[in-house]
Each structure stands twice: as structure tokens, then as C-alpha cells.
Amino acid sequence: MIARGSWKWVALAAIGLAVVLALPRAGVPPFYVSLLTQTWIYAMVAMSLDLLVGFTGLVSFAQAAFFGAGAYAVAIAATRYAHADFATGIVIGLVAGAFIAAIFGLVALRAEGVGFIIITIALNQIMWGLAYQWVSMSGGDNGITGFVRPKVGPFDVSGNSGFYYLCVAFLILMLVLLVAITRSPFGLVLRGVRETPRRMRALGYNVWLYRYLALLIAGALAGVAGVLFAWYNQFVGPGDLDLSLSTQLLIIVILGGIGSLYGQILGAGIVVFLSNGLSALTQRWELILGAIYFVIVMYAPDGLVGLGHRIVRRIRGKRAAAPRIESQLLGVTGEES
Amino acid sequence: MGAAFYLQNLLGGLAYGSLLFLIASGFTLIFGLMRIINLAQTAFYLIGAYVGLTLLTHHFNFWLSGLAGGVTTALLGFALYSLFLHRYHADHLTSLLLTLGFTLMIDDSVLAIWGGDPHSISPPSALSASLQFGRLVFPSYWLALIFVSLGIAALLFVFMQRTKLGMIIRAAVDDEEMTRGLGVDVNRSFYLVFTAGALLAGLGGLLGGPITAAYPGLDGELTPLAFAVVIVGGMGSLSGALAGSMLIGLVNAFGKALFPEFSYFTIFVPVALIMALRPQGLFGRAQ
């Protein structure tokens, strides 16, 4: 696994980590520390989504539903049942995310490719409807407040910078876990399922089961990120699981580079800072954000890294057209069933 | 809960299904022909409702205002397709994300132009009365909407089955390459279907307005219903869209009446059942 030149990456990662850890102590204003914390959380969900999009060939618009399930579950457990400690919260998030994924998977995995996309959109909106309408449980549009960030063992993470470090720790944990999963034999089978489901089936692999397991893992991890997001805002509302969040997550994955995992950190940073920056500048930020989606999808479907490569080639005088998103998602169109 | 309760929700469900059909018929044909998931169909509905509403406040005729809303969205749809989407046939994710970005822009523009307050839309004065049969009371507009929508459905079926262009569209849905190979110009039908789909959704905006009202976010609420329609009916099938619309309309009406806190969730039941028993949808063909 240690290839030539990989020490460069190790050094780069170490420097990056040192900068990330030093930021809250180096006089960065609390507002930016808070935005960075949100970036780490979004990066976690986006990475969990990348496991599906980039490694399994499942384009899911339901990732926000798993994320929101974790957020709502921990908020409800804390406010109604007084289960507010840290470990319980994380476990609740894991279980809630995996549970919703288990139900969605039974329905959505009956279809493939474009059918899967459409069904996940419908399922995500149904979860949103549940959060919006089941007022006696979810608080409806007002959401749920009245819970606080719990102590992590002896550490107090109620402050801005304490919670920042907690999220950095979870981000690293999830990144390591996902890299390990995607490089394991299980991960290799997932890639096989992405590229040629028919051949994998002929080789005796249960394609459905592998997709289902990937969905469960992605759901559980998104649920944990949702718990952190609930603690981060100390509020949950229907906006935590709506379709526009699911779309934002997919845009992050595309920006970061489909199948790159760590690229999602960059993608999340751009989306979080862009949407917050725009909303501070103008009331019409959603209009601009929609236009930016257009530009990203049409001109940078292979992410920022691909865009950078093409700009360099253009400067050197070679024409290079943007590829299609689908060309990076063989599982969707490459070979049916 | 006597017979009146069931009859009233039956009629309400069919009326709601009628407005869903106006959105879903375009959605299913656009998908069937071009393999484009046009998420903006419900945003077109919303624009149609607002444009129609604005004309209504200037005392224009109800049906003409609805038509004007439809023409507005037809132009928008034509522009969206010819400027961007025509390059992304069968590229599901790109076309979907483009229409999503477009929907986001429409939502925000609607909010900027018409504000965030919900607007109720009253039916034309001739149809504003309620009808009463014994204990059954319902707005007469419901019946009008059902008839108009069924009329449009009948026109669409005749067009698809009896005209040459309809024949070309059906052939291209089945096998685009083969149709091209026979020397047929398929491109014209792409523009026609996309524009007509946008027109129907925009028309639906004001026609469905007395039932749904108009407010920002309405499009996001209608999207899963429209998707449920095509999942249940089968993607690309017009008769599937009609049957699916009525079924989802009924489930929605009875869901709202029987389980008010879970009305949205009840949509899940037909979707899950169809996926379990017949994944290609009621009228869909196995791929």
C-alpha cells in the first residue's frame, strides 16, 4: 500500500492536520471556527455518500434522510427520554441511520440506475414530510430544541473550540474507516458491483446484498454525522433532512471528486463557506447557488481536481472538453443489471 | 364515518389526482422519450399558479389566466431544453442536477417576486358553489377539474395513438435508434414533448390552485407525489401516469383524512408495495 512518493502525501496530511488542529488556538474568529466545524460534519456525510456513489455505483438522493434520522433520534432521546449522554447519542445515531437505510434499501434496491435515483428522491421527501407533519413527535416546522452538547468522558465540548476538536476526531475516524472499507476485499467487491454488476453476479456474488450492506454502512455513518450536527446546532428541524440538503451533499461529492473520499473535505468546505458567504452578502443567495450548481455540473463534473487539470491543459494550448458525470458512474448506465 | 365521508374523500382524491396528472404526464413522457428526469415540473406548476394568480387579480378570465401561466412555463421549458438539457439525454444525473439547480433558481425568484405568504386561489365564480347531496358536501370545482383533466388526458391519448407525430413519439420511446435509422426526424418531437410537458404543468398551476393554493415550497411538496405517480404507474407510460395519479390522489386524500400527522407517509405504502410486487410499475414494461 505504501507506494513510491507516498511520503509526500503523508507529510502533506501531517501539515494539513497540524494546521487544522492549530486553527482555533491561532486567533481565528469563532464564526469561522463554527463554519469549519460545519464543514467537518458535512464532509463526514458526503464521504458516507461517496461510499455509495463512488464505490458502489448507487446515486442516492436519500443521504439527508439518514443524516436527519440520526439528528432527530438523538434530539428526541435527549428531550423525551433523558438519554442525553455522549456514548448513547452516538449509538442512537448509528442505529437510527442504519435502520432508515435498512427500510429504504428494501424498497429502493428493487430498482437500478435511474429508478433507484427517483425512488431515493421520493423516500427522502417522505422522511421530510414525516418530520414536518408528525408535530407531536418532531415539533413540525419549529423542530426540537432544549438539549445541549454532552460531556465526552472528562472533556467539556460545550464550547465552540471543544466541539471543533470533537468533530475533527470523528472526521479522521470516519476517513480512516472508509479508506479501510474501500480497500478491503469487501470494498473491491463493491467496485466490481459498480462497474459490472452482471459479471459479479455470474461470479457468484450476491450483488443485492453487497449494495444493501453498503447502504447500511453509509446510513449508519450519516446517522452519526447527524448526531454531531444536532449537537452542533442544539436544534433539529425539517431542513436537516430535506431534498436540498441531499442535493448539496451530491454537489459536494462531485466537487470533491467522485470516489476520492478525502476530496469531500474540500468540497464540503467550498459549499459551506460559499452558501454562508453568499447568504451574508445577499438575500438572493439561493438564486446564485442554483446558478453555481449549473456551472459545476456542466463544467466541473469531474471535481475541482479534474477542472484544474483541464485548465492547465487549456493554458498549454490543448483543448479539453469536460467529461460527463455518468462516465464516472459506470454502475448507473454502463451495464444494466 | 358514513358513506358521505368516503364519497367526499373519493371525489377529493380524484380532483387531487387530476392536478397530479397534469404534472406527471409531462414528467413521464419527457423521461420516456429523452431519459431526462425533469425535476422542474413542479416548479413549472408553481410558476403557472403565480402567473395565473397575478392575471386573476387584474380581472382576467380564470381559464385564460391558467392558459397564460401554461404558455409562460412552455416558453421557460423550451428555453431550458434548447439551451442546456438537449445535450444531456440519457445522462440522468447531469440532467437531474441541472433541473434541480433550475428549480432552486425558480423558487428563489418566486419568493422575490411574490413574497413568502401563501395565496389562496378562488375558482371561477360559476364554479365557486358547493354541491350537496344529502350529507355529502363538496365544491363543484372538484368535478370541473376532474372533467378538464380527463379531457386533456383524452386529447393526449388521441394525439399519441392517432397522429403521425404521436406515432413517432411512441416509436422513439420504444427504440430511438431504430426510429432514427428509419429516417424519421426525432429531434422535433423532443422539443415538442419537453415544451408540452412544461405547458401542462404550468396550466395545472392555476387549475389546481383552488386545491393546493400557491406558496413557496409547494413545488418541493408536490415532487414526491409526482415521483410516486411515475413509480406506481411505470416510467414513460401515459396510461400509467393517469392510473398512478388517481391512485396517489386517493391515497393522499384518505391519508390526510384518516392519519393527519402521517398523510405524507401514507404515500410510502403504494410505492413500497409496487416496488415489492411489480418494480417496473403498473403499466411499465420490464427493461
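Taking chain A as a Gaussian network of alpha-carbon nodes connected by springs under 10 Å, the highest mean-square fluctuation of the residues A:G57, A:G256, A:G16 belongs to A:G16. Between A:V152 and A:V157, the built amide H atoms are under 5 Å apart, and every one of these is 5 or more places off in sequence or on another chain. Counts of other chain beta carbons within 10 angstrom of each beta carbon in peptide B:224-236 average 3. In order along segment B:12-22, the phi-based Karplus estimate (6.51 cos²θ - 1.76 cosθ + 1.60, θ = phi - 60°) of 3J(HN,Hα) comes to x, x, 5, 5, 5, x, 4, 6, 5, 4, 5 Hz; Gly and Pro are listed as x. Counting Lys and Arg as +1 and Asp and Glu as -1 over every other residue whose Cβ lies under 15 Å from the Cβ of A:G267, the net charge comes to -2.
Look at where the Cα atoms of segment A:271-326 and of segment A:8-69 average out, and the two centres are 19 Å apart. How charged is the neighbourhood of A:A62? Take every other residue with its Cβ under 15 Å from the Cβ of A:A62, and add Lys/Arg as +1 and Asp/Glu as -1. Cβ neighbours under 15 Å give a net charge of -1.
A cut-off under 11 angstrom between Cβ atoms defines the neighbours of B:I47, and their net charge, with Lys, Arg +1 and Asp, Glu -1, is -2.
The relative contact order of segment B:3-216, computed from alpha carbon pairs under 8 Å that lie at least 6 residues apart in sequence, is 43 percent. Taking amide hydrogens as placed 1.01 Å from N in the peptide plane, the amide H of B:L131 sits under 5 Å from those of B:F138, B:S140, each at least 5 positions away in sequence or on another chain. Rounded to the nearest whole angstrom, the semi-axes of the ellipsoid equivalent to the protein assembly as shown, taken from the Cα gyration tensor as √(5λ), stand at 41, 29, 24, largest first. Comparing B:N38, B:N187, B:N252 in a Gaussian network model of chain B where C-alpha atoms under 10 Å apart are linked, the largest mean-square fluctuation is found at B:N187. According to the Cα-based calculation, Rg over Rh for segment B:151-253 is 1.02, with Rh computed by the Kirkwood formula.
Each of A:T39, A:L243, A:P323 was placed along the dipole of segment A:29-333 (beta-carbon charges, centred on the mean Cα), and the one lying farthest toward the positive end is A:P323.
Can you sort A:T196, B:T99 so the residue with the fewest Cβ neighbours within 10 Å comes first?
A:T196, B:T99
The charge dipole of segment B:3-216, taken about its Cα centre with unit charges on the Cβ atoms of Lys, Arg (+1), Asp and Glu (-1) only, comes to about 440 debye. Summed over qualifying helices (DSSP H, 4 residues or more, each -39500 (n - 2.57)) and divided by its residue number, chain B shows a 222 nm mean residue ellipticity of -24500 deg cm²/dmol.
Could you list A:W128, A:W7, A:W285 in order of exposure, starting from the residue whose Cβ has the fewest other Cβ atoms within 10 Å?
A:W7, A:W285, A:W128
Kirkwood analysis of segment B:3-216, using all unique Cα-Cα pairs, places the hydrodynamic radius at 18.1 Å.
Across peptide B:267-274, the mean count of Cβ atoms from other chains lying within 10 Å of each residue's own Cβ comes to 4. Rounded, prolate or oblate: which fits segment A:179-318, taking a ≥ b ≥ c as square roots of the Cα gyration tensor eigenvalues, rounded meaning a/c under 1.5, else prolate when a/b beats b/c? Judged from the Cα gyration tensor, segment A:179-318 comes out oblate (a/c at least 1.5, b/c at or above a/b). Shown here: segment A:29-333, whose C-alpha atoms stretch 57, 49, 37 Å along the first, second and third principal axes, sorted largest to smallest.
A simple rule links phi to the HN-Hα coupling: the Karplus curve 6.51 cos²θ - 1.76 cosθ + 1.60 with θ = phi - 60°, which for segment A:309-317 gives 4, 5, 5, 4, 4, 4, 5, 6, x Hz, with x for Gly and Pro.
With neighbour counts taken as other beta-carbon atoms within 10 Å, the residues A:V179, B:V137 rank, fewest first, as B:V137, A:V179. Averaging the sequence gap over all C-alpha pairs within less than 8 Å and six or more residues apart, then dividing by the number of residues, gives chain A a relative contact order of 31 percent. Looking only at B:G116, B:G13, B:G70, which one moves most when chain B is put into a Gaussian network model with springs between Cα atoms under 10 Å? For chain B, modelled as a Gaussian network with Cα springs under 10 Å, the answer is B:G116. A dipole drawn for chain A from +1 and -1 charges on Cβ atoms has a positive end, and of A:G256, A:V59, A:W208 the residue lying farthest that way is A:G256. The calculated 222 nm mean residue ellipticity attributable to helices in chain A amounts to -23500 deg cm²/dmol, summing -39500 (n - 2.57) over DSSP H runs of n ≥ 4 and dividing by all residues.
Taken together, the values in this text are just the output of simple stated rules run on the coordinates, not laboratory data. Fair warning: this is a prediction, and the values are worked out from it, not measured in the lab. All Cβ positions, even for glycine, are placed from backbone atoms using ideal geometry, and neighbour counts span all protein chains on display.
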